[in-house]
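Participant: Let me give you the structure first, and then I'll get to my questions.
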Amino acid sequence: MKAVVLRSFGEAGNLKMETMPMPRPGRGEVLLRVHACGVCYHDVINRRGNLPRTSVPAILGHEAAGEVIEVGPDTPGWKTGDRAATLQRMSCGDCALCRSGRNSLCKTDNRFFGEELPGGYAQFMVAPVGGLGRVPASLPWNEAATVCCTTGTAVHTVRTRGKVRAGETVLITGASGGVGLSSVQLARLDGARVIAVTSSEAKVQALKEAGADEVIVSRGLDFASDVRKRTQGAGVDVAVEIVGSATFDQTLKSMAPGGRVVVVGNLESGMVQLNPGLVIVKELEILGAYATTQAELDEALRLTATGGVRQFVTDAVPLAEAAKAHFRLENREVAGRLVLVPPEA
Ligand SMILES: [Zn+2]
Ligand SMILES: [Zn+2]
């Protein structure tokens, strides 16, 4: 089969198409014919060698969607022809965390596609079925591929962790990225009033179209007073913090008493100063949100197929152009999401 193989960490040009042996599914696994694989900034970080669990040679890609063409032994529930999309990471399904539904925290099996597991930059890939969601028949492959990292994360963040309810006001920082646009749509769909924060004037229209009631253009230093004004001094009930350290202080100052801050991104990997007094007197809840569970991916795929949440796939390019796709992503030349399409086998 054809696959894009990374033989040494480094620049985008290290991603090269090669002929590789056909993988075979083992126990609890299926073989997928990959129809599309999203290119995520995570892949760029991985390619540079900054993810410790990846070793070369590697096949990157954790946003794959494809059709089951072979089912391994002892793999109930899946059959040839089923449509599937990958989760970012595995879980064992059996430990105390998994049994309480918190599969994204599983430590027994935390393998990632594109890291310990060969990923979707290939014509075919093997996937443990615990790492797959089901793609509705009406959902195009290019969209299905990007759902997990955008809408899947939003389902985990807005619903599971943030428990956003109808009538609440939700602040979303970094709202114009993939997770942000999905979170805006989902919070709105669930009946919340959405205040989106973006650093770019050019993104205002897209955010309004996604359903944001208010859009604040801010570089992150001063939006709290604006949020207070737009909520008649009350502050917001929930914040979806996608930017992280750069906006965290302003986000805390934007919260209503009893508010929930759900932290899902930390783009600059920075630290924050926290005034515990503010957390105490307002009884704020600060929650983390990490990855996606199988049930959340199924829900995200369903929401996308039924039109509740829209994907923003702006480009589908041949798999052979993976290096160019990485180059474009690194140089901020991609407006929405970009997917690679493997050649027909
Ligand atoms: Zn991703
Ligand atoms: Zn587990």
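Participant: Within the stretch 167-210, which residues have the backbone N less than 20 Å from the label spot 7 Å out from Arg219 along Cα→beta-carbon, could you tell me?
Facilitator: 173-177, 197-204
Participant: Now for a separate question. Over the chain, what is the mean sequence separation of C-alpha contacts under 8 Å (at least six apart), divided by residue count, expressed as relative contact order in percent?
Facilitator: Reported as a whole number, the value is 19 percent.
Participant: Right, something else. How big is the dipole moment of the stretch 85-241 about its Cα centre under a simple scheme where the beta carbon of each Lys and Arg is +1, that of each Asp and Glu is -1, and everything else is neutral? Debye, nearest 20, please.
Facilitator: On the way: 18 positive and 15 negative charges, 71 e Å.
Charge dipole, the stretch 85-241, about its Cα centre: 340 debye, nearest 20.
Participant: Still on this model: Just subtract the alpha-carbon distance of Arg228 and Val334 from 0.36 nm times their residue separation and send over the number in nm, one decimal.
Facilitator: Difference between extended and current length: 34.8 nm.
Participant: Okay, moving on. Determine, at each q value in 0.12 (inverse angstroms), the log₁₀ of I(q)/I(0) that the Debye formula gives when each Cα of the stretch 163-288 is one equal point scatterer.
Facilitator: Evaluating at q = 0.12 Å⁻¹ gives log10 I(q)/I(0) of -0.37.
Participant: Can you divide the C-alpha Rg of the stretch 20-119 by 2.2 N^0.38 Å and report the result to two decimal places?
Facilitator: In units of the 2.2 N^0.38 Å rule of thumb, it is 1.13.
Participant: One quarter of the convex hull surface, Cα atoms only: what value does that give for the chain in nm²?
Facilitator: It is 16.8 nm².
Participant: Can I ask one more? Show me 255-261, 123-129 ranked by packing, highest mean number of other Cβ atoms within 10 Å first.
Facilitator: With the highest mean Cβ count within 10 Å placed first, the list reads 123-129, 255-261.
Participant: How are the alpha carbon pair distances in the stretch 40-83 distributed across 5 Å bins from zero to the largest one, expressed in percent?
Facilitator: Pair shares across the bins are 5, 18, 19, 13, 11, 16, 15, 3.
Participant: How high is the FRET efficiency between Lys282 and Arg111 when r is their beta carbon distance and R₀ equals 45 Å, given to the nearest 0.05?
Facilitator: So, using R0 = 45 Å, E works out to roughly 0.70.
Participant: Keeping all protein chains in the complex and leaving out DNA, RNA and ligands, what accessible area do you get for Glu209 with a 1.4 Å probe, in Å² to the nearest 10?
Facilitator: Looks like 130 Å² after rounding.
Participant: Excluding same-chain residues fewer than 8 positions from Lys16, which lysines have a Cα within less than 19 Å of its Cα?
Facilitator: Answer for Lys16, where 19 Å is the Cα cut-off: Lys2, Lys324, listed by chain and number.
Participant: Highest first, please rank the peptides 189-202, 241-254 by the mean number of other Cβ atoms sitting within 10 Å of their residues.
Facilitator: 241-254, 189-202
Participant: If we restrict to alpha carbons, what Rg and Dmax does the stretch 71-119 come to, in Å?
Facilitator: 12.4, 33
Participant: Got a sec to turn the phi values of the stretch 16-26 into Karplus ³J(HN,Hα) couplings, 6.51 cos²θ - 1.76 cosθ + 1.60 with θ = phi - 60°, whole Hz, x for Gly and Pro?
Facilitator: Working through the residues one at a time gives 10, 6, 9, 9, 10, x, 5, x, 10, x, x Hz.
Participant: Using the per-residue mean of other Cβ atoms lying within 10 Å as a proxy for protection, in what order, highest first, do the peptides 139-149, 18-28, 230-240 fall? Don't skip to the end; give the middle numbers.
Facilitator: Working: 139-149: 25.1, 18-28: 13.4, 230-240: 20.6.
Going by the mean number of other Cβ atoms within 10 Å, highest first, we get 139-149, 230-240, 18-28.
Participant: May I ask you to compute the full-extension gain from Thr19 to Lys324, defined as 0.36 nm times their residue separation minus their alpha-carbon distance, rounded to one decimal in nm?
Facilitator: Stretched fully, the Thr19-Lys324 segment lengthens by 107.9 nm.
The values are calculated or read from the model by the stated rules, or taken from the named source; none is laboratory data. All figures in this text were calculated on a predicted structure; none of them were measured in a lab. Note that we place each Cβ from the backbone using ideal geometry, even for glycine, and neighbour counts take in every protein chain shown. With ligands, DNA and RNA removed, areas are computed over all heavy atoms of the protein, side chains included. Shrake-Rupley method; radii C 1.70, N 1.55, O 1.52, S 1.80 Å.
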